[in-house]
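The values are calculated or read from the model by the stated rules, or taken from the named source; none is laboratory data. Please read all numbers here as calculations on a predicted model, not as lab measurements. FYI the Cβ positions are ideal-geometry reconstructions off the backbone, even for glycines, and counts take in every protein chain you see. Only protein heavy atoms, including side chains, enter the accessible area calculation; ligands, DNA and RNA are left aside. Shrake-Rupley method; radii C 1.70, N 1.55, O 1.52, S 1.80 Å.
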Amino acid sequence: MQERLQELQTEAIQKVDQAAGLKELNDIRVAYLGKKGPITEVLRGMGKLSAEERPVIGALANEVREAISARIEAKQSELEEAAVQEKLAGESIDVTLPGRPVNVGSHHPLTKIIEEIEDLFIGMGYEIAEGPEVEQDYYNFEALNLPKGHPARDMQDSFYITEEILLRTHTSPVQARTMKKHQGKGPIKIICPGKVYRRDNDDATHSHQFMQIEGLVVGENIRMSDLKGTLDVFAKKMFGQDREIRLRPSFFPFTEPSVEMDISCKMCGGHGCSVCKQTGWIEILGAGMVHPNVLEMAGYDSKKYTGFAFGMGPERIAMLKYGVDDIRHFYTNDVRFLKQFAIEE
Ligand code: DAH
């Protein structure tokens, strides 16, 4: 029996030393030291031994059990330590590897133009106003001196939602809304940027959705020369000090007189080229003195108050400023196009 125990010890220790993993080690523990293991079996058979043999074998069996147990514990720490080392090696970071590039976005070119124009007018004491894109026929047309059936309504093909509600065709309704809010009292100095919608077929110069910036000044003694001076400052700040402006007579139902403003063509210096269609001038915006009917409808005394207004298209300004030849580029959001505007941020 002594021999059997010694053999078991040698055998178990050999297996423990060769164990490749914690699971295998645990299997060895169960096999040798478990309830059904050979050592337990030896101890169980002790009853058959003589009184002299019993303590000797008992002590030896305990020794063997402890020796195996100690070896298993040592091996276990060894394996655990190896596992930790392996994990650490796998998780180590190679700080010399090149980093992953992070894609940084940039402002949309139209946002940049609008912010530039806003800053410019805020610098002249204007406030920013806003209005709804889903608008009442009343504010979009009627309050702007365009009663139902007025032929000039055809100039702006509209998306109607109901008979009285439509997607605004211009930012001019914000004029009417702002004046109404002021309840017949001046002064007002606002610009209003926003989206507008028209039933146009999209092409290089048309889009069914585009941006406008409206301007409105109402007060006592506001004159045409104030409008001209304001637009001159705007044109020079936006396009360069060497630019000239010119006002041409035009028609808008909400202004009287009405004008269109051109700036001198930078490409050809005013001599005529393909950009300015050989005229030396490029049309930028519509403007005029607020029509007395519009003032009166909003509750202003048109004998006491006068005003000027203007409306421009940021897309057109961005196209001229950045040399973009197709309005659709602003709305298809091709990153190769948009990326070009990240440079000067
Ligand atoms: N609302 C006009 C348009 O969309 C632009 C415009 C012209 C606005 C003259 C004005 C203005 O305020 O005075 O075509």
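Values as computed for the structure displayed
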| quantity | calculated |
| --- | --- |
| Residue 256 vs. criteria part of a helix (DSSP H, G or I), open to solvent by 20 Å² or more (accessible area, probe 1.4 Å) and at pLDDT 95 or above | no |
| Search result, residues across the stretch 5-40 that are over 16 Å from residue 66 (Cα atoms) and surrounded by fewer than 18 Cβ atoms within 10 Å (Cβ to Cβ) | 18, 20, 21, 22, 23, 24, 27, 36 |
| Residues within the stretch 305-339 that are in a helix (DSSP H, G or I) and free of Cβ contacts under 8 Å to residues at least 24 places away in the same chain, tallied | 6 |
| Verdict on residue 180 being in a helix (DSSP H, G or I), open to solvent by 50 Å² or more (accessible area, probe 1.4 Å) and under 16 Å from residue 254 (Cα atoms) | yes |
| Residue match in the stretch 214-222 (condition: open to solvent by 50 Å² or more (accessible area, probe 1.4 Å), in a helix (DSSP H, G or I) and at negative phi) | no |
| Residues located in the stretch 278-321, provided they are modelled with pLDDT under 95 and farther than 25 Å from residue 113 by Cβ | 278 |
| Contacts under 6 angstrom Cβ, first residue in the stretch 82-100 being free of Cβ contacts under 8 Å to residues at least 40 places away in the same chain, partner surrounded by 10 or more Cβ atoms within 10 Å (Cβ to Cβ), 6 or more apart | none |
| Which listed residue, of 232, 203, 226, 242, is charged (D, E, K, R), over 18 Å from residue 155 (Cα atoms), assigned to a loop (DSSP other than H, G, I, E, B) and more than 12 Å from the ligand (Cβ to nearest atom) | 242 |
